[in-house]
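Structure first, then comments.
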Amino acid sequence: MVAKSRYFLIVNLIAGQGRCKELFPKVKMELDRRQIQYDLHFTNEPMEAVDVAKMGIEAGFSHIVAMGGDGTVNEVANGLLGSDATLAVIPAGTGNDFVRMLGIPGNPMQAIDTLLDGTIRTIDLGQVEDDRYFVNGLGIGLDAQVARDVLKMERLRGAPAYITAAVREVFRFRAFPVTLSTPEEQFELTCLSVGVANGIYAGGGFKLAPKADIDDGLIDISALGDYPKLERLYRLPKVRAGKHVDWKNVTYRQASEVTISSPNKLIAHVDGEPYRLPSDSFTVRALPQALRVLVPTTSA
């Protein structure tokens with residue numbers, strides 16, 4: 001089967017608490033104005049974009065375009081794994097941490113320029129057992145609860161939504177015991193959050209893994225220990241700015257993989273979407289040079 005056009009556009013209209021639905025008519029008008037040929041599919045169910053992306057590849061499309069948030073990008077990336085197809089992104093979500101990390105414009109109209117003028121960059125992915133891949137990161141604990149809170153918000157979007165949810169959770173979230181094992185070390189900790197990152201950003205611009213490099217073949221593990229509630233609030237802006245990695249109560253490592261285990265039932269997110277962990281003990285690893293992404297030429 002031969003594709004009719006180069007681009008296969010996968011649109012999640014509910015992304016960004018409806019932001020994508022508001023933006024899509026303008027994006028479509030701009031694509032048509034520029035005479036960019038594309039085929040179009042709207043997703044209606046969680047994880048649908050994984051199978052739709054695979055269909056696009058089978059149909060012969062060279063570029064699969066995700067329009068939505070980080071969750072939409074995650075699903076499309078999971079569908080592209082193992083193929084020669086290239087991921088492109090028109091951001092229309094809440095956090096948009098993936099495009100921030102790669103220098104893709106956050107403005108959807110400007111991001112369309114990348115479709116025409118972009119350069120292919122090959123990046124790593126993170127892998128949770130044999131279950132799920134991520135582009136930004138896996139978050140466990142407080143940041144997972146924040147991600148869930150944001151999904152329930154109706155009025156706030158973007159960074160304000162994440163900051164509001166984070167302030168709320170620093171006062172009520174309970175720390176949990178966890179064991180982290182890398183090929184070199186093992187730690188037994190009590191944490192507010194454990195992040196396993198492929199890139200720098202999470203949670204709408206929080207620099208949870210400021211040393212991360214999306215194509216270094218490593219994952220960054222950032223485990224934030226417990227603090228009294230008022231001190232948590234004081235430290236929150238510093239975490240957002242990425243100034244937490246050298247704190248005494250923070251464990252930060254870079255490794256090819258990490259095994260995480262806990263006697264508690266942990267809540268988690270993958271790229272901002274709620275995620276059920278595969279077991280009480282599981283391994284997360286880097287998958288080097290796994291995905292081709294279209295980025296602005298100046299960011300390549």
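The values are calculated or read from the model by the stated rules, or taken from the named source; none is laboratory data. All values derive from a computational prediction rather than experimental measurement. Note that each Cβ is placed from the backbone with ideal geometry, even for glycine, and that neighbours are counted across all protein chains shown.
Things worth noting here:
Table: residues versus (1) in contact with a Pro (Cβ under 9 Å, 6 or more places away or on another chain); (2) crowded, with 20+ Cβ neighbours inside 10 Å; (3) not charged (D, E, K, R).
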site	(1), (2), (3)
103	yes, no, yes
109	no, no, yes
114	yes, yes, yes
166	no, yes, yes
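- Subset of the range 174-207 [among the hydrophobic types (A, V, I, L, M, F, W, C) and at pLDDT below 95]: 202, 206
- Checked against (1) more than 30 Å from residue 33 (Cα to Cα); (2) in the same structural domain as residue 36 (by TED's automatic domain parsing), residue 148 meets all criteria but (2).
A quick yes/no check of all residues on (1) small (Gly, Ala, Ser); (2) touching a helix residue (DSSP H, G or I) at 6+ places or on another chain (Cβ under 8 Å):
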residue	(1), (2)
44	no, no
60	yes, no
69	yes, yes
73	no, yes
94	no, yes
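- When 135, 150, 178, 194 are checked against the criterion of being farther than 24 Å from residue 286 by Cβ, of a type in the set (Val, Ile, Thr) and touching a residue at least 24 places away in the same chain (Cβ under 8 Å), 150 stands alone in meeting it.
- Residue check for residue 54: over 17 Å from the mean Cα position of the chain (by Cα) and farther than 25 Å from residue 123 by Cα: no
- Of the criteria (1) farther than 21 Å from residue 236 by Cβ; (2) in the same structural domain as residue 277 (by TED's automatic domain parsing), which one residue 83 fails: (2)
- Qualifying residues in the range 1-21 (those that are in a loop (DSSP other than H, G, I, E, B) and of a type outside the set (A, V, I, L, M)) - the one modelled with the highest pLDDT: 12
- Single condition residue 294 does not satisfy, out of (1) surrounded by fewer than 20 Cβ atoms within 10 Å (Cβ to Cβ); (2) over 17 Å from residue 140 (Cβ atoms): (1)
Quick grid of which residues meet (1) over 30 Å from residue 276 (Cβ atoms); (2) among the β-branched types (Val, Ile, Thr); (3) buried (at least 18 other Cβ atoms within 10 Å of the Cβ):
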| residue | (1), (2), (3) |
| --- | --- |
| 11 | no, yes, yes |
| 16 | no, no, yes |
| 21 | no, no, no |
| 27 | yes, yes, yes |
| 39 | yes, no, no |
| 46 | no, no, no |
| 49 | no, no, yes |
| 57 | no, yes, yes |
| 61 | yes, no, yes |
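- Residue match in the range 63-73 (condition: at pLDDT 95 or above and surrounded by fewer than 24 Cβ atoms within 10 Å (Cβ to Cβ)): yes
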